Structures are given as structure tokens and as C-alpha cells.
Amino acid sequence: MSGPSIYEPKTAIERWLDSRLPIIRFGVDFMDFPTPRNLNYWWTFGGILSFCLVAQIVTGIVLAMHYDPSGAGAFISVEQHIMRDVNYGWLIRGIHANGASMFFLAVYLHMLRGIYYGSYKAPREVLWLLGCVIYVLMMATAFMGYVLPWGQMSFWGAKVITNLLGAIPVVGPTITTLLWGGFAVDDPTLNRFFSLHYLLPFVIAAVVVLHVWALHVPGNSNPTGVAVKSKSDTLPFHPYYTVKDGFAVSLFLILFATFVFFLPDAFAKVDNEVMANPLVTPAHIVPEWYLLPFYAILRAIPDKLGGVIGLGGAIALVFALPWIDRSKVRSMRYRPTARIFFAFWVLSALVLGWCGSQEPDGQLFPGVTFFNLIDYDINSVTWVSRIAAFYYFAFFVILGLLPMWEKTRPVPDSLFTPVLSHGAAVPASAALAPEKKG
């Protein structure tokens with residue numbers, strides 16, 4: 001619901017520029033964009049994510065000026081030159097390294113909000129798909145950035161993940177060889193990853209532009225899921241939501257700064273503080289925390305190809321959400337049954353994340369066997385991963401079947417209409433009418 005432009009050039013220079021490059025019109029229309037008046041703070045993560053992207057690009061460009069993409073120099077350039085010799089190099093690297101975690105924290109909350117409030121439903125399918133593309137690009141960029149310090153965990157992480165690609169039929173070995181630049185993970189691999197890690201953030205920025213464009217065609221969703229029906233349902237984006245977004249970014253910066261200045265190595269791996277050695281394998285190879293749920297799914301399936309398919313399927317199902325969930329009610333505010341299944345789905349993802357950080361042959365409660373039949377012990381981390389992974393995938397099946405039998409609460413007629421505790425919707429005119437004194 002973007003509507004016609006309200007910008008009118010007032011000076012000769014503005015008229016001349018507007019007829020050739022309407023950049024001022026774009027800025028004015030962006031600020032005056034009609035936005036649902038009932039958006040809560042869950043809708044501020046778009047601004048937070050924009051800040052994270054800019055911070056990652058700016059700090060990444062500075063770090064690239066001092067990075068040596070070679071097996072002999074990568075570790076020294078990161079751990080010694082940047083941290084000790086470059087002016088404020090410790091700060092720039094701290095912002096960039098912790099910024100990746102902050103970026104993923106914000107994007108996960110942003111995606112969970114979209115699922116909870118049904119923001120992926122028509123006519124916002126393309127908006128959701130572009131968001132998922134951004135997420136996949138983020139994962140690829142983060143993985144390649146994780147390899148660049150060329151520590152033990154970086155090297156062996158690259159070796160494990162690229163080897164998995166070889167399980168893909170027909171094209172897998174070719175893709176692996178192209179990424180390696182040879183027959184094993186070595187200097188050419190590091191060069192390729194550095195080049196792609198530098199390039200992909202700009203690709204992400206381009207897709208973000210498309211994402212914002214796709215948002216401005218149907219307009220924002222809102223917590224009720226009710227469509228905007230009149231101007232009274234909206235407010236201009238500026239100053240109402242620019243101020244709200246600014247406040248949310250300020251709070252987010254407090255959390256960000258806490259990690260940068262007080263816990264700079266909270267997300268770092270001890271093994272990665274040692275230079276890569278192809279002859280010594282770390283005891284436990286794990287990716288960064290934001291990839292752990294998918295890593296757990298990968299390990300939960302004993303077959304190598306099956307694990308790759310499971311990992312790819314876990315992401316593909318998120319892409320397919322607009323077509324899986326056919327409920328006519330958007331927001332889970334009015335879908336109590338769906339809300340329960342969604343809560344367990346989030347819990348399953350958290351359990352998978354924990355399992356991904358543990359050794360696959362470890363036990364939930366060491367020394368205790370709850371069930372042992374034909375060597376299947378559900379107390380093991382592997383079996384906990386399988387149970388959590390089963391529900392992760394089952395959730396999408398449940399979401400597709402749920403509209404057939406779920407009982408939803410009444411949805412308000414408009415953004416102004418409240419819903420009483422007993423479920424009776426009140427007409428907007430009655431809700432806005434002054435109370436009569438008896």
C-alpha cells in the first residue's frame with residue numbers, strides 16, 4: 001500500500017534533478033511511507049539488521065587492507081599485525097568478529113517474528129523469499145569469514161564442510177575441487193574464500209535493496225495480520241518509526257558494545273588461537289553458534305549424502321513456508337494451537353544448537369542409560385539430535401495440516417478493533433465511541 005508520490009519539487013534545481021534522477025523523491029516517499037500504527041518493537045529488527053550490515057561492510061573493508069590471504073601469513077596478519085600494529089585494529093576486528101554473531105542474533109529474531117505473525121503470507125511471498133536468500137548468503141559469508149583467521153578450527157572446519165559438498169551427486173566433486181583450487185584445502189582455498197567473503201556482503205546489500213523494494217509494494221505486516229484499510233490505520237514512517245527504530249538500535253548497541261569491550265572472545269574457539277596444522281586434528285570440530293542447529297542435523301543422519309540432504313531440506317522448508325501454511329488467519333495471536341507447536345519448534349532448534357556444540361558420542365546424563373535396545377541409547381547426544389531434528393521437520397507438516405482442524409480466535413475487523421477476553425469482536429465504531437454515563 002505504497003500509494004502515489006506526495007513529493008512536489010519546489011526549486012528549479014529540484015525539478016531538474018527530479019526529471020533525471022528522482023533521488024529526492026525517493027527519500028521523501030521513503031520517510032512518508034504509510035506504516036501500520038500498531039507495530040511493536042519486534043518490527044524494529046529491520047533497522048537493527050541494516051546497522052549490522054553497514055558495520056560489517058565498513059569494518060570488513062578496513063580489515064581487508066591489512067589481511068594477508070596466504071597460508072603462511074593469514075594467522076599472523078590477524079592475530080598479531082591487526083591486533084597489535086594497526087591503529088585500533090583490536091577494536092575493528094572485535095566489532096567485525098562479534099558483529100557476525102549480533103547480525104545472526106538479530107536475523108533469527110527477525111525471522112521468528114515473521115513466522116509467528118505470518119508475515120510470509122500473500123501478498124508478501126517474494127518479500128519472504130528474498131529474506132531467505134539473504135539468510136543463505138549470510139551463512140555462506142560467515143562460514144568463509146570463519147576460515148580466514150586460518151587457525152586450527154578454521155582449517156579443519158573448511159576441510160569438513162567442503163568435503164560434505166563432495167557427497168552431492170554429479171556436481172559435488174567438481175564444486176569441491178573449485179572451492180579447494182586443487183586437491184586439498186590449502187592456499188588457493190584461502191584465496192578463494194577471502195575473495196568470496198569480500199564480495200558476498202555487497203551481494204547481500206543488493207538483495208537487501210530488493211527486499212526493501214518488495215516491502216514497499218504490499219506494505220508492512222502488523223501484529224494482528226489485518227490488512228490496512230484506510231489512512232487512519234497508518235502513520236508516516238518518519239518521525240514515528242524512525243525514532244522507535246533509533247531507540248531499538250541504541251539498546252542493541254549496548255548489548256553489542258558489551259561483547260566488543262568486555263567479552264571480545266566469548267564466541268571464539270580456543271583451538272582457533274593456534275595456527276592451522278594439517279597434521280593435527282582438533283578433538284572436537286564445531287562451527288560458530290549460529291550454524292550449530294544445522295550441524296546437529298547433519299551429524300544426526302548417519303549417511304553422508306542423507307546428512308547433506310537433511311541440512312539442505314531444513315533450509316528449503318523455511319523458503320517454502322508461504323505455500324506450506326494455508327491458514328487464512330495470519331497472526332498466531334489468534335491461533336493458540338499453532339502457537340504451542342511453534343514454541344516447541346523454537347525449543348527443538350535450541351536443543352539442536354546445544355547438541356551441535358557437543359561431541360556426537362557424548363551423553364545427556366553421563367553414566368546413565370534410560371533406554372538401551374539394540375545399542376540405541378536415547379541418552380546419547382546423537383539420539384537427542386535425531387529426536388529434535390524429527391520435530392523440526394514435523395513442524396512444517398503440522399503447520400500444513402493444522403488449518404483443517406484448528407480452532408482460531410476471532411480476528412478484529414480493523415487495526416482499531418479490540419478483541420474481548422471472551423473472544424467477541426467489537427465493531428470499530430463501538431470501540432471508538434465515548435462511554436455513556438448512566
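Points worth noting:
- Nearest-0.05 FRET efficiency for H284 and L109, computed from C-beta distance (R0 22 Å): 0.20
- Here the chain is treated as a sphere whose radius is the Kirkwood value from Cα pairs; by Stokes-Einstein at 4 °C and 1.567 mPa s it diffuses with a coefficient of 53 µm²/s.
- Amide N of region 1-42 lying under 20 Å from the label point, which is placed 7 angstrom from the Cα of E125 along Cα→Cβ: 1
- Between helix 304-319 and the chain: long-axis angle, C-alpha atoms, 0 to 90°, nearest 10: 20
- Between helix 381-401 and the chain there is an angle of about 30 degrees, using the helix long axis and the longest principal axis of the Cα atoms.
- Here I398, I6, I92 are placed in order of increasing Cβ neighbour count within 10 Å, fewest first, which gives I6, I398, I92.
- Listed peptides 273-281, 178-186, 291-299 appear in the order 291-299, 178-186, 273-281 once ranked by packing, highest mean of other Cβ atoms within 10 Å at the front.
- Entries in K304/K407; K121/K159; K10/K231; K121/K244; K121/K407 that, when Cα-Cα distance is taken, lie over 30 Å: K304/K407; K121/K159
- The convex hull drawn around the Cα atoms of region 288-407, when projected onto a plane and averaged over every direction, covers 8.9 nm².
- Maximal additional length on extending the E406-A140 stretch stands at 92.0 nm, based on 0.36 nm per residue less the C-alpha distance.
- Going from the fewest other Cβ atoms within 10 Å to the most, the residues V411, V171 appear in the order V171, V411.
- Most positive-pole-ward Cα, V351, W42, G94, against dipole of the chain from beta carbon charges: W42
- For the chain, the mean residue ellipticity at 222 nm estimated from helices alone is -18500 deg cm²/dmol, where every DSSP H run of n ≥ 4 contributes -39500 (n - 2.57) and the total is divided by all residues, rounded to the nearest 500.
- Put in order of Cβ neighbour count within 10 Å, fewest first, the listed residues K244, K304, K407 become K407, K304, K244.
- Efficiency of FRET from Cβ geometry, T258 and F26, R₀ 35 Å, rounded to 0.05: 0.45
- Cβ-Cβ FRET estimate between N40 and F393, R0 fixed at 30 Å, reported to 0.05: 0.50
- Seen against the Cα atoms of the chain and their longest principal axis, helix 152-165 is set at about 70 degrees.
- Extension reserve of the W323-S70 stretch, reckoned as 0.36 nm per residue once the Cα distance is removed: 86.5 nm
- Ranked by how many other beta carbons lie within 10 Å on average, peptides 220-228, 54-62 from highest: 220-228, 54-62
- Summary of the geometry: region 1-64 and region 132-149, compared by the centres of their Cα atoms, lie 26 Å apart.
- Working from label points 7 Å from Cα in the Cα-to-Cβ sense, the V243 to D303 distance is 5.9 nm.
Every number in this text was worked out from the coordinates using simple rules, so none of it is lab data. Note that the coordinates shown come from a computational prediction; the quantities given were computed from them, not determined experimentally. Cβ coordinates were reconstructed from backbone atoms using ideal geometry, including for glycine residues, and neighbour counts include every protein chain displayed.
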